[in-house]
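See structure below.
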Amino acid sequence: MDEKEKVFHQFSPLTCQVFSYILKHRPAARADISHGLNKTAMSVKRAVECLEEAGLVAECGIGESTGGRKPILYTVNSSRYYLGAVNISTTYCEVAVMSLCMEILVLKDFPLNPQSMPDKAMDQVSELFYQILEELKLEKRQILGVGVSVFSSLNRESGKLIRPIIQYLNERWVDYPVVSQLEERLKLPIQIEKGTNAAAMLEYGYGKAKDSERMLYILCAMNIRSAVVVRGELQSIAPYYEDAFGHMTINYDGEPCQCGKYGCVDCYTTIPVIMEQFRTGIKKGRSSILAEQMDQPGFSFYDICRASEEGDVLSCEVLTSAASMLGLALSNYIDLFCPDMVILSGLLVKESSLYFQVAVDTAKQKSSYGVGRESIRFERRGSFPHSITCGAGAIFLEKLLEKT
């Protein structure tokens, strides 16, 4: 067992709980930890000393007195050990090294497309990972392990990818053993999770949803993906598909979907649909400040978002239509799972306040749960940039602490 494995695997469960508490509530005094974990002051004192000796926590100041001696405050030492993080999307791959405080220190990426071969992608991940270590002047023994988020569901026993509802990348990715291939290249322990699950758990453990009991996390971009967290546990809703929410039928005789069904959420709410609806409007003779730009190579979804902010009617209409359908689907989800928080994230929400607000307003109007009371908190975006990548690192650390 090497140094980094000894750091956690020789700790008692209580010591790991104390580390987790300090990580999520830093800075923290020993009295706060005792109260928060319902443990004796002496047992917490021993655990903190153990963590200090291992270089995982450190004193960071003096707190306010509540009548006696001013307490010493503790935080996580973010300069001793680190986490690797990899996000394998359908259009890009991000590779990062992050601190134990969930801060990405360096991130590099490369594009993926339907022609991208998984072995080649894993080689690129390895190359970028070692570049980052060299850039940060870190030794590999300082990396506790690597969290990996993926675009699809996975077989946890084999570490292989499962076919998503829509296969955006080529067939070579189906049943591809991501875990073993990265372990072979990086010679580090690997934890893998669905991308949206990783982002949701990051937000639940360290971000806006820390005080939530039941959270829905919806990612809105090229497709619609979701995760559900209840009292700190990921719920295995549609365990074999990350994009099942996007393929909920909301119009049984509606538009045909790539998945083979009709009237799916994805048929009305995503970036490709918004782009297509805008082009259709122009072809039908609708006016827009973007009409002359539409056929230019640089024209993109971002232009439609900017135009909507300037009051362009067609841009506003296509965004409102898409967001209304998302809100309708979201209301069904809310009635099923009764969340106290809903986080809408992803490129659509990031770039368009109109899309976010219309989706939220529609969900509130259509949902039966919480009618007449402000029982649900809606949040636009989470607390972290690169949330899926950062979430992958967080998933690794959480799993590591669970094993001890």
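The values are calculated or read from the model by the stated rules, or taken from the named source; none is laboratory data. All values derive from a computational prediction rather than experimental measurement. Neighbour counts run over all protein chains shown; Cβ positions are idealised from the backbone, glycine included. SASA here: full protein model, heavy atoms, side chains in, ligands and nucleic acids out. Shrake-Rupley method; radii C 1.70, N 1.55, O 1.52, S 1.80 Å.
Miscellaneous remarks
- Label point distance in nm, Asp109-Glu233, each placed 7 Å from Cα along Cα→Cβ: 3.4
- Cross-link partners for Lys120 among the lysines, with Cα-Cα distance under 30 Å and sequence neighbours closer than 8 places in the same chain left out: Lys4, Lys108, Lys137, Lys140, Lys160, Lys187, Lys194, Lys399.
- Around the amide H of Ile192, modelled in the peptide plane, lie the amide H atoms of Val148, all under 5 Å away and 5 or more residues distant in sequence or on another chain.
- The separation of segment 64-87 from segment 313-373, counted between C-alpha centres, amounts to 37 Å.
- Three principal axis lengths of segment 39-179 [C-alpha, angstrom, descending]: 66, 33, 24
- Label sites at Leu347 and Gln365, each approximated as a point 7 angstrom past Cα along Cα to Cβ, lie 2.8 nm apart.
- For segment 202-283, the solvent-accessible area with a 1.4 angstrom probe is 45 square angstrom per residue.
- In whole angstrom, the chain maps to an equivalent ellipsoid with semi-axes of 40, 26, 19, each derived as √(5λ) from the alpha carbon gyration tensor and ordered largest first.
- In range of the label at Ser180: residues from segment 125-159 whose backbone nitrogen is under 11 Å from the point 7 Å along Cα→Cβ: 158-159
- Listed residues Thr66, Thr249 arranged by accessible area, highest first, probe 1.4 Å: Thr66, Thr249
- Taking amide H atoms as placed 1.01 Å from N in the peptide plane, the amide H of Asn170 lies under 5 Å from those of Ser116, each 5 or more residues away in sequence or on another chain.
- Straight-distance crosslink candidates among aspartates and glutamates, where the alpha carbon sits under 14 Å from Lys350 and sequence neighbours closer than 8 are dropped: Asp303, Glu309, Glu379
- Three principal axis lengths of segment 225-328 [C-alpha, angstrom, descending]: 48, 32, 25
- Dividing the summed -39500 (n - 2.57) terms of all DSSP H runs of n ≥ 4 by the residue count of the chain sets its mean residue ellipticity at 222 nm at -13000 deg cm²/dmol.
- Overall, segment 1-120 carries a charge dipole of about 400 debye about its Cα centre when +1 sits on the Cβ of Lys and Arg and -1 on the Cβ of Asp and Glu, all other atoms neutral.
- Relative contact order, percent, segment 83-174 [alpha-carbon distance under 8 Å, six or more residues apart]: 32
- The percentage of C-alpha pairs in segment 142-259 whose separation is greater than 17 Å is 61%.
- Top of Ser212, Ser368, Ser89 by mean-square fluctuation, Gaussian network on the chain, Cα under 10 Å: Ser368
- Accessible carbon and sulfur surface of the chain relative to its total accessible area, %, 1.4 Å: 48
- From the alpha carbon centroid of segment 100-134 to that of segment 179-234 is 18 Å.
- Calculated diffusion of segment 71-138, Stokes-Einstein form, Kirkwood radius summed over Cα pairs, 20 °C and 1.002 mPa s, µm²/s: 162
- Think of each Lys and Arg Cβ as +1 and each Asp and Glu Cβ as -1; about the Cα centre, that makes the dipole of the chain roughly 920 debye.
- Think of the chain as having a plus end and a minus end, set by charges on the Cβ of Lys, Arg, Asp and Glu; of Gln296, His25, Gly205, His25 sits farthest toward the positive end of this dipole.
- Amide H contacts under 5 Å for Cys93, placed H, 5+ residues apart: Phe110, Leu112
- Excluding same-chain neighbours fewer than eight residues apart, the aspartates and glutamates reachable from Lys283 by a Cα-Cα span under 14 Å are Glu292, Asp295.
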